[in-house]
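Participant: Sending over a structure as structure tokens; questions will come in a sec.
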Amino acid sequence: MTDQEHDHAEHDHAEHDHAEHDHEHGHAHTHDWRAELEELRHEARHYFLHQFDWRGQQPPEGFDGPRYFPPDEKWRLAARLDADVEGVGDEVTLPTSTGQLRQMSVAGQLVFEAEGGEHRLTAFRSHGHDGFDMLFVPFRDATSGSETYGAGRYIDLPANDEGDDEYELDFNLAYNPTCVYSAAYDCPIPPPGNRLTVPVRAGEMMPVPESAAG
């Protein structure tokens, strides 16, 4: 894997380690879930303040680590992976933030209920740094471009064994592509079909408040 081949894999699996955490604690009690989420966020803040490679860029003015919406239980959703939709198993290409193309394999569509309606997000098969198969879910929502990064956010899920199509889709673990911090990174852009019409006020926000940014 080259330095820019899998930005989402480097950022999430190696830095935030959300996917491994989910795999081990996906059904934690609410108290434990909140404590673990806050611990993940504390670790992410330490990483970005002390270890992140900005690749020649400067941190945004006023940057004090990643910013998040408060933990919200309602955005821990039950989802079903629909692997019978057209295109499952196909190799597709997603454009990236640097104008490149990234090849992905379609795993299916995650189907879930939120804000009174049914929604679908296409999930792609990825390969985590620890060798586990992952579902990579890039998405936009109604907060994109205002409260959250305009190009969208990511969620990673450990892939279930064959025949198990039930997932916990926790938007509190939604994270920014690394290119929000440094344009030198190469980040896949969510496909048009992965735009939610509802605002998802959970997970990572813009690195600095809009007023401070400009």
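The values are calculated or read from the model by the stated rules, or taken from the named source; none is laboratory data. Quick caveat: nothing in here was measured; it's all calculated off a predicted structure. Positions of Cβ are backbone-derived with ideal geometry, glycine not excepted, and every protein chain shown enters the neighbour counts.
Participant: For segment 89-96, does any single residue satisfy the condition of being modelled with pLDDT under 95, over 30 Å from A183 (Cβ atoms) and not charged (D, E, K, R)?
Facilitator: yes
Participant: Output the residues belonging to segment 49-68 that are out of contact with any Asp or Glu (no Cβ under 8 Å at 6 or more places or on another chain) and surrounded by 17 or more Cβ atoms within 10 Å (Cβ to Cβ).
Facilitator: If the condition is that a residue be out of contact with any Asp or Glu (no Cβ under 8 Å at 6 or more places or on another chain) and surrounded by 17 or more Cβ atoms within 10 Å (Cβ to Cβ), then G65 is the only one that fits.
Participant: May I ask you to list the residues in segment 38-83 that are part of a loop (DSSP other than H, G, I, E, B) and basic (K, R)?
Facilitator: Within segment 38-83, R55, R67 meet the criteria.
Participant: State which residue pairs qualify: first residue assigned to a strand (DSSP E or B) and small (G, A, S) and inside segment 125-138, second residue buried (at least 24 other Cβ atoms within 10 Å of the Cβ) and modelled with pLDDT of 80 or more in any location, beta carbons under 6 Å apart, and separation of 6 or more residues or different chains.
Facilitator: S126/M134; S126/F136
Participant: Within segment 31-83, count every residue that is free of Cβ contacts under 8 Å to residues at least 40 places away in the same chain and polar (S, T, N, Q).
Facilitator: 2
Participant: Let me ask something additional. So how many residues does segment 87-109 have that are in contact with a Phe, Trp or Tyr (Cβ under 9 Å, 6 or more places away or on another chain), farther than 15 Å from G152 by Cβ and crowded, with 16+ Cβ neighbours inside 10 Å?
Facilitator: Number satisfying all stated conditions: 2.
Participant: Mind listing whichever residues of segment 6-42 are modelled with pLDDT of 70 or more and either buried (at least 17 other Cβ atoms within 10 Å of the Cβ) or more than 16 Å from P71 (Cα to Cα) (or both)?
Facilitator: W33, L37, L40, R41
Participant: Out of the residues in segment 84-124 that are of a type outside the set (S, T, Y), touching a residue at least 60 places away in the same chain (Cβ under 8 Å) and not in a strand (DSSP E or B), state the one that is nearest to P190 (Cα to Cα).
Facilitator: Per the criteria, the residue is Q100.
Participant: If you don't mind, there's one more thing I want to ask. Restricting to segment 50-90, and then to whatever is among the aliphatic types (A, V, I, L, M) and under 21 Å from the mean Cα position of the chain (by Cα), can you tell me which residue is nearest to V208 (Cα to Cα)?
Facilitator: The selected residue is L77.
Participant: Of the residues in segment 177-194, how many are within 18 Å of T93 (Cβ to Cβ) and in contact (Cβ under 8 Å) with a residue 40 or more places away in the chain?
Facilitator: The qualifying residues number 10.
Participant: Right, here's the next one. Which condition number does S126 fail, the rest of (1) of a type in the set (G, A, S); (2) on the phi > 0 side of the Ramachandran plot; (3) in contact with a His (Cβ under 8 Å, 6 or more places away or on another chain) being met?
Facilitator: (2)
Participant: Whether any residue in segment 153-166 is assigned to a strand (DSSP E or B), among the polar types (S, T, N, Q) and either out of contact with any Lys or Arg (no Cβ under 8 Å at 6 or more places or on another chain) or closer than 14 Å to P190 by Cβ (or both) is what I want to check.
Facilitator: So far as segment 153-166 goes, no, none of its residues is assigned to a strand (DSSP E or B), among the polar types (S, T, N, Q) and either out of contact with any Lys or Arg (no Cβ under 8 Å at 6 or more places or on another chain) or closer than 14 Å to P190 by Cβ (or both).
Participant: What pairs come out if I take residues in segment 139-151 that are touching a residue at least 40 places away in the same chain (Cβ under 8 Å) and within 17 Å of P191 (Cβ to Cβ) and pair them with residues that are surrounded by 21 or more Cβ atoms within 10 Å (Cβ to Cβ) and aromatic (F, W, Y) whose C-beta lies under 8 Å away, six or more apart or interchain?
Facilitator: Listed pairs, sorted by first residue: F139/Y154.
Participant: What residue, among those in segment 167-214 that are assigned to a strand (DSSP E or B) and either buried (at least 16 other Cβ atoms within 10 Å of the Cβ) or aromatic (F, W, Y) (or both), is farthest from the chain's Cα centre (by Cα)?
Facilitator: The selected residue is Y167.
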